[in-house]
Amino acid sequence: MGRLKVARTGPGRPRTRPDRLLGDKAYSNRKIRAHLHRRGIKATIPEKTDQQKARAAKGAAGGRPPALDAESYKQRNTVERAINKLKDFRAVAMRTDKREFVFRGTIDVASIKIWLRTPASQDPPDTP
């Protein structure tokens, strides 16, 4: 998350703190949730079943389950499909490039190829 930068529409330096983080069950642990909480980032990460059982075994002392916004979590599918399209390119999937800037360039080229292969559908402009 250290390299995360979101450009602002107006003047000012880029944002480095997202509003929300979407993750799968692999990221459901106390350390990650605490880090996100300290930075004021909402976490949309489902809880692992073993964590649910451990919390339930503690009874009332186990605390409240972490909140999960199901509608936001559904958006994660779009990101997963984009990553899988990138992994169709062997150089991206195997990470053959040793230097980070070369690997980022490989991702850029793969993204451009994907974009040129499947152009977005455009609605005709509204004319009065």
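Could you give each residue of region 23-31 its phi-based ³J(HN,Hα) in whole Hz, using Karplus coefficients 6.51, -1.76, 1.60 with θ = phi - 60°, and x for Gly or Pro?
After applying 6.51 cos²θ - 1.76 cosθ + 1.60, I find x, 8, 5, 5, 9, 8, 9, 4, 5 Hz.
Using Cα-Cα distances under 8 Å and only pairs 6 or more residues apart, what relative contact order does the chain have, in percent? The partial results should precede the final answer.
Working: 88 pairs, mean separation 18.7, N = 128.
Normalised by residue count, the contact order of the chain is 15 percent.
Taking the simple approach of a point 7 Å from Cα along Cα-to-Cβ for both Lys85 and Ile41, what is their distance in nm?
2.4
If one puts a single equal scatterer on every Cα of region 1-69 and applies the Debye formula without solvent, what log₁₀ I(q)/I(0) results at q = 0.13, 0.19, 0.21 Å⁻¹?
Normalising to I(0) and taking log10 leaves -0.47, -0.81, -0.93.
So what does the Cα-only Debye profile of region 10-128 read at q = 0.11, 0.14, 0.18, 0.20 Å⁻¹, as log10 I(q)/I(0), no solvent term?
Results for region 10-128 at q = 0.11, 0.14, 0.18, 0.20 Å⁻¹ read -0.63, -0.90, -1.12, -1.17.
State in Å² the accessible area per residue of region 1-69; use a 1.4 Å probe, count heavy atoms of protein chains only, and round to the nearest integer. Display every interim value, and only then the final one.
Numbers: 5410 Å² over 69 residues.
Computed with neighbouring chains in place, this is 78 Å² per residue.
Total Lys pairs in the chain closer than 18 Å by alpha-carbon, pairs eight or more apart in sequence or interchain only?
13
The values are calculated or read from the model by the stated rules, or taken from the named source; none is laboratory data. Since we're looking at a predicted model, the values are computed, not measured. Every residue, glycine among them, receives a Cβ derived from its backbone with ideal geometry; neighbour counts consider all protein chains shown. For accessibility, only protein heavy atoms count, side chains too; no ligands or nucleic acids. Shrake-Rupley method; radii C 1.70, N 1.55, O 1.52, S 1.80 Å.
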